[in-house]
Ligand SMILES: *[C@@H]1O[C@H](CO)[C@@H](O)[C@H](O)[C@H]1NC(C)=O
Ligand SMILES: *[C@@H]1O[C@H](CO)[C@@H](O)[C@H](O)[C@H]1NC(C)=O
């Protein structure tokens with residue numbers, strides 16, 4: 001364990017150095033944030049329902065945009081850009097997935113998610129995209145159900161993916177029916193959000209409980225998707241799930257700036273065979289270190305120490 005102080009030093013160093021660079025707030029937003037749909041009226045209406053295609057990046061991002069916007073008033077906004085909203089963690093993670101190619105077809109059939117094909121397409125074969133469905137569609141529909149969106153529960157319909165439709169719920173009632181536990185955890189978060197006596201820490205607790213529930217379900221359903229990836233990427237995916245549980249346990253505050261800073265440590269591209277942290281040349285020291293520590297999934301103590309240094 002003698003090397004721990006060295007690691008924490010490296011991390012703390014990277015962390016404070018990177019924080020110093022934050023001045024230009026608009027750069028913190030996920031890709032295509034500004035041009036994504038941001039109101040229900042930006043979507044098609046069919047038979048009195050808003051129709052959203054969550055398999056198109058800017059439409060899925062639009063759900064987050066509505067979510068972050070309609071929940072803004074529940075957070076203290078010292079600066080006017082809603083940056084204390086703890087729901088920022090979700091769209092920022094999704095933006096990282098998009099920017100790093102993780103939403104594209106992992107079998108590289110050069111269509112869905114590629115510049116040369118349909119760049120905004122989100123592939124149903126992408127493990128990251130399927131995991132994220134449970135962290136976008138479910139929190140969004142639970143918000144509709146809990147009343148924070150100001151529309152009724154049967155007014156939104158999500159379009160199904162081109163295959164494996166039965167793995168995904170498409171509206172409030174079918175999500176409540178298929179994933180009752182997870183939906184009720186998201187609902188509990190929104191109930192506490194609307195309760196003025198809830199503290200910031202209470203809200204983080206309910207948010208992370210719901211988040212972990214979404215991931216627990218999804219990771220069981222989509223385990224087979226990891227076969228499409230290189231070994232390092234598949235194991236990074238598994239380790240990422242474990243790391244999220246540590247973030248949850250530490251009640252990491254998923255505000256705009258904190259999430260942005262956290263994401264600087266995540267791999268800036270998909271991992272390929274031969275990538276071995278901490279020796280990946282095109283990764284920063286911070287990214288190499290984070291990846292190395294993610295790999296030590298059995299060494300819980302190291303992970304705990306790492307997160308403590310990362311988060312403080
Ligand atoms: C929410 O969206 C409306 C309309 O698009 C916009 O005028 C408002 O500034 C947004 N609020 C926040 C807190 O982002
Ligand atoms: C919700 O979706 C299910 C199937 O996914 C459908 O049977 C049901 O009619 C839909 N409910 C509403 C209110 O749109």
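Overview of results
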{"read-out": "Single residue of 184, 173, 123 found to be over 24 Å from residue 72 (Cα atoms), away from ligand 1 (no atom under 16 Å from the Cβ) and part of a helix (DSSP H, G or I)", "value": "173"}
{"read-out": "Test: residue in the stretch 229-242 that is in contact with a helix residue (DSSP H, G or I) (Cβ under 7 Å, 6 or more places away or on another chain), closer than 24 Å to residue 188 by Cβ and surrounded by fewer than 19 Cβ atoms within 10 Å (Cβ to Cβ)", "value": "yes"}
{"read-out": "Which numbered condition residue 107 misses (of (1) closer than 24 Å to residue 163 by Cα; (2) crowded, with 18+ Cβ neighbours inside 10 Å; (3) touching a helix residue (DSSP H, G or I) at 6+ places or on another chain (Cβ under 7 Å))", "value": "(2)"}
{"read-out": "Residues satisfying the stated conditions in the stretch 154-169, i.e. within 11 Å of ligand 2 (Cβ to nearest atom), assigned to a helix (DSSP H, G or I) and more than 10 Å from residue 49 (Cα to Cα)", "value": "165, 166"}
{"read-out": "Test for residue 309: is it part of a loop (DSSP other than H, G, I, E, B), in contact with a helix residue (DSSP H, G or I) (Cβ under 8 Å, 6 or more places away or on another chain) and at pLDDT below 80", "value": "no"}
{"read-out": "Subset of the stretch 40-76 (residues that are in contact (Cβ under 8 Å) with a residue 60 or more places away in the chain, within 16 Å of ligand 2 (Cβ to nearest atom) and either more than 19 Å from residue 172 (Cα to Cα) or not in a helix (DSSP H, G or I) (or both))", "value": "46, 48, 49, 50, 51, 52, 53, 54, 55"}
{"read-out": "Where residue 225 falls short, out of the listed (1) surrounded by fewer than 20 Cβ atoms within 10 Å (Cβ to Cβ); (2) more than 14 Å from the chain's Cα centre (by Cα); (3) at negative phi", "value": "(1)"}
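The values are calculated or read from the model by the stated rules, or taken from the named source; none is laboratory data. On a predicted model such as this, the values are computed, not experimentally measured, just so you know. Cβ: placed from backbone, ideal geometry, glycine included. Neighbour counts: every protein chain shown.
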